[in-house]
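The values are calculated or read from the model by the stated rules, or taken from the named source; none is laboratory data. Since the model is a prediction, treat every value here as computed from it, not as a measurement. FYI the Cβ positions are ideal-geometry reconstructions off the backbone, even for glycines, and counts take in every protein chain you see. When the accessible area is computed, the model is the full protein with side chains, heavy atoms only, and any ligands, DNA or RNA have been set aside. Shrake-Rupley method; radii C 1.70, N 1.55, O 1.52, S 1.80 Å.
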Amino acid sequence: MKHFPERLSIKWLESVYESGDFTPADVVNEIISRSMKYIEKNIWIVPPSHDLIDSYVAGLPPKSEKTPLWGIPFAIKDNIDLANVPTTAACPEYSYTPKESATVVKKLIEAGAIPVGKTNLDQFATGLVGTRSPYGECHNAYQDEMISGGSSSGSAVGVALGLCAFALGTDTAGSGRVPAMLNSLIGYKPPFGSWSTKGVVPACASLDCVTVFTGSFEESELVDSVARGYDTDCIWSRKIEKKGDVLPKKIYLPSELPVFYGEWKNSYQKKWENAVSRIKLLAKNRKVCVEEISYEMFQKAALILYEGAYVAERWEDLKDFVESNPGKTFHVTETILRSGGKTENTAAKLFGNIHELQMYKHKTREILDGAVMIMPTAGGSFTRDQVREDPIKTNSQMGLYTNHCNLLDLAAVAIPENSRDRKYPFGITLFALHDSENFLSALAKEFLSTESVELAVCGLHKKGFSLESQLIELGAKFVRNDTTSSEYKMYKLDTIPSKPGLVKVKKGNSISLEIYEISKEKLGIFMDRVNQPLSIGNITLADGSVVKGFLCESLAVNGCEEIQDWV
């Protein structure tokens with residue numbers, strides 16, 4: 001019997017729909033059940049329910065090439081419209097009920113995706129911490145005391161905890177990237193204008209982007225292929241062609257050590273240094289030039305967003321509501337919004353900012369022609385208590401390496417340094433010119449392929465046995481001893497030499513394993529050496545986690561001796 005994995009991937013859902021093991025209705029039931037377990041994490045503003053979801057399941061279009069997201073559950077940040085469901089932007093008094101969905105949401109539903117709920121956010125998408133909401137502080141997916149990141153807090157946590165397969169966020173200054181890092185996800189921020197923002201509550205309309213959180217880069221690409229497109233009803237929409245993947249000619253890394261902050265800054269710095277080592281090795285192997293660049297110009301550009309007159313755009317969009325509803329917005333949110341109405345934010349200052357920014361854009365276009373720049377997504381993190389004690393400074397630090405992006409018209413993708421990290425996840429962001437996303441795609445895939453995965457062995461590849469050398473040659477490292485869940489049996493196969501065959505059954509035993517770490521790239525090489533009746537598949541451990549490991553075809557164990565261990 002199949003079980004639902006920790007995270008819901010598009011690939012897994014497609015496979016169980018194809019096999020008939022689960023239906024979209026089964027998946028919806030699981031999501032509603034799971035959501036009840038995480039109520040205290042404050043993920044939702046409109047939580048999953050049968051009243052909300054069942055009509056979409058019943059109305060699923062037939063499977064076809066036009067429905068690449070058939071039956072795939074997704075969540076929507078609650079500053080993006082879903083027809084006949086209130087949009088609050090995390091401010092109850094601001095709430096309105098749209099008659100139609102945002103353009104992006106409509107396209108996803110037409111492609112077969114199922115909306116399951118509206119997620120929590122920093123009020124009016126103003127914040128990078130996930131704590132500025134009257135619907136409660138959104139907790140980190142893995143550590144309750146830690147921030148989730150924001151403003152797209154609930155969307156990221158929902159994907160990380162398997163409450164949806166992907167989720168929409170928005171990103172003006174990092175809101176679609178910081179939460180991705182803090183919850184070990186992919187945060188894909190397409191170029192400004194490539195996804196319609198019609199039906200999105202504006203933060204800074206001239207900079208806002210709709211983004212997506214996924215568990216894998218390939219899934220973000222699939223969502224992008226549906227969501228992307230020119231919208232005649234969106235004044236910010238642009239026609240931006242997605243080119244074929246190709247590695248950049250050059251990779252830029254910061255010439256100065258990035259600033260790391262917070263209680264765990266040393267840990268984040270080590271993870272950054274590990275990422276840099278992997279990037280340099282990747283570049284060497286693929287003959288890509290690596291150069292260092294000062295972040296100073298990008299930092300100056302970033303300051304224009306909140307310390308210049310640009311912040312007036314936020315105030316212009318929301319001033320009528322704030323002034324006519326005193327005390328209805330969070331104090332820290334209102335402080336930020338009102339800063340846009342200061343008398344010094346004159347038209348002259350704004351034009352000065354525009355001209356300064358144009359100079360930075362021009363220089364950026366020259367620097368990043370044929371290149372990708374890589375920075376930490378964020379230099380650290382905080383507990384929710386620490387953010388409460390100093391909400392402005394902590395939030396500002398989370399945006400050190402994100403705020404420049406949309407101002408300079410860049411595409412970006414935030415990727416985890418280690419997608420299995422559940423303690424203090426860290427990630428890097430790849431930046432490219434808006435018309436050079438193909439560099440991001442190719443480089444992100446290459447970097448992610450250098451990440452290690454856990455591989456379980458139970459026979460001749462164990463320490464001290466004859467095939468251990470195959471793992472050592474590929475750079476695999478022994479991690480620990482572990483056991484499977486009680487759904488497995490092991491047999492002594494009638495082969496020369498004898499080897500074990502691990503088979504998953506309805507009722508079995510816990511089998512001892514050894515766990516190694518091996519890079520994804522080297523795992524592919526290793527898998528080519530595995531022959532029938534053995535294969536590499538998913539093995540569930542005693543704690544419920546899933547690793548790659550040796551499995552055997554059930555027909556091959558007929559008449560074989562059942563054993564408990566390989567010694």
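Each pair of Cα atoms in the range 1-137 enters the Kirkwood radius, and Stokes-Einstein at 37 °C and 0.692 mPa s then converts it into a translational diffusion coefficient of 208 µm²/s. For the range 258-364, taking Cα atoms only, Rg and Dmax work out to 20.2, 60 Å respectively. Available extension along the chain between Glu218 and Leu303 is 27.3 nm, counting 0.36 nm per residue and deducting the alpha carbon span.
Quick one: accessible area per residue over the chain, 1.4 Å probe, rounded to a whole number of Å²?
Details: 23390 Å² over 567 residues.
Dividing the accessible area of the chain by its residue count gives 41 Å².
Summing -39500 (n - 2.57) over the DSSP H runs of n ≥ 4 in the chain and dividing by its residue number, what mean residue ellipticity at 222 nm do you reach, to the nearest 500 deg cm²/dmol?
Details: 18 runs with 185 residues, N = 567.
For the chain, the value works out to -9500 deg cm²/dmol.
For Ile472, the accessible surface of its heavy atoms amounts to roughly 100 Å² (probe 1.4 Å, protein chains only, rounded to the nearest 10).
Could you order the peptides 529-536, 516-523, 264-271, 363-370 from most to least packed, using the average number of other C-beta atoms within 10 Å per residue? Present the calculation step by step, with values, prior to reporting the outcome.
Details: 529-536: 12.4, 516-523: 18.8, 264-271: 16.8, 363-370: 15.0.
Going from most to least packed, we get 516-523, 264-271, 363-370, 529-536.
Taking the protein heavy atoms of the chain in the context of the full set of protein chains, the accessible area attributed to carbon and sulfur is 52 percent at 1.4 Å. For the chain, with equal point scatterers placed on the C-alpha atoms only and solvent neglected, what are the log10 I(q)/I(0) values from the Debye formula at q = 0.09, 0.11 1/Å, to two decimals? Summing over Cα pairs of the chain leads to -0.69, -1.01.
Pairs with C-alpha atoms separated by more than 29 Å, drawn from the list Lys2/Lys463; Lys284/Lys363; Lys265/Lys319; Lys265/Lys300; Lys242/Lys287, are Lys2/Lys463; Lys265/Lys319. Projecting label points 7 angstrom from Cα along Cα→Cβ for Phe465 and Thr232 puts them 6.5 nm apart. The packing ranking, built from the mean of other Cβ atoms within 10 Å per residue, places the peptides 159-171, 289-301 in the order 159-171, 289-301, highest first. Starting from the Cα gyration tensor of the range 510-563, take the square roots of the eigenvalues, sort them a ≥ b ≥ c, and report rounded, prolate or oblate (rounded when a/c is under 1.5, otherwise prolate if a/b is larger than b/c, else oblate). Judged from the Cα gyration tensor, the range 510-563 comes out oblate (a/c at least 1.5, b/c at or above a/b). Sorting 401-412, 424-435 by their mean Cβ neighbour count within 10 Å, with the most densely packed peptide first, gives 401-412, 424-435.
Only the Cβ atoms of Lys and Arg (+1) and of Asp and Glu (-1) were treated as charged; on that basis the dipole of the range 334-391 about its Cα centre amounts to roughly 180 debye. Taken about its Cα centre, the chain carries a charge dipole of about 780 debye when Lys and Arg each add +1 at the Cβ and Asp and Glu each add -1 at the Cβ.
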